[in-house]
Amino acid sequence: MLLHFPTLDVLRLALSTGAVPAEVAAAPVEAHTADDGSIVVEAALPTASVKALQALGVVKVRTSALPRTTLPNWLALLPLARREPALGDKTPVVFELESGPRLAEVVAEIRAWATTGRASGT
């Protein structure tokens, strides 16, 4: 059966809520992404899943002339998005030191900064 997801958000919601069962989502899928951002997927799903998808706005389509591509799984339909990390005062920081002897000095500087807000040598 062919399923038309109107937006990537609907597809993301279908995957995250379990409307598409995990075993189906992990299997290879044939799909096409249209210029308007909608996605047509060919899939065999249980009736309960189809009803859950229809409740999200997914529509069964009889035919589609759009060429479909085989992808390794349903998650491959979602584009990767770069996101800047959220940095705060509790964000872990990793220090890479060339040799062990400087470790004590670095720890002392961090402790001095944490308690006074400035390095120990200033």
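The values are calculated or read from the model by the stated rules, or taken from the named source; none is laboratory data. Predicted model only: the values in this text are computed from it and were never measured. Glycine gets a Cβ as well: all are built from the backbone with ideal geometry, and neighbour counts include every protein chain shown.
Residues in region 71-90: is at least one closer than 12 Å to Leu3 by Cβ and either in contact (Cβ under 8 Å) with a residue 24 or more places away in the chain or not in a helix (DSSP H, G or I) (or both)? There is at least one residue in region 71-90 that is closer than 12 Å to Leu3 by Cβ and either in contact (Cβ under 8 Å) with a residue 24 or more places away in the chain or not in a helix (DSSP H, G or I) (or both). Across region 46-70, the number of residues qualifying as hydroxyl-bearing (Ser, Thr, Tyr) and over 18 Å from Ala19 (Cα atoms) comes to 4. Looking only at residues of region 67-99 that are of a type in the set (Val, Ile, Thr) and surrounded by 10 or more Cβ atoms within 10 Å (Cβ to Cβ), we find that the one that is modelled with the lowest pLDDT is Thr69. For the subset of region 46-62 comprising residues that are assigned to a strand (DSSP E or B) and of a type in the set (A, V, I, L, M), which member is modelled with the highest pLDDT? If we take residues in region 46-62 being assigned to a strand (DSSP E or B) and of a type in the set (A, V, I, L, M), then Val59 is modelled with the highest pLDDT.
Checking the structure you have, find out if any residue of region 30-43 is among the aliphatic types (A, V, I, L, M), over 14 Å from Leu78 (Cα atoms), surrounded by 12 or more Cβ atoms within 10 Å (Cβ to Cβ) and at pLDDT below 95.
In the first step, residues of region 30-43 are kept if they are among the aliphatic types (A, V, I, L, M); the result is 31, 34, 39-41, 43.
From what's left, over 14 Å from Leu78 (Cα atoms): 43.
Pick out the ones that are also surrounded by 12 or more Cβ atoms within 10 Å (Cβ to Cβ) and you get 43.
Add one more test, that the residue is at pLDDT below 95, and what stays is 43.
Yes, region 30-43 has at least one match.
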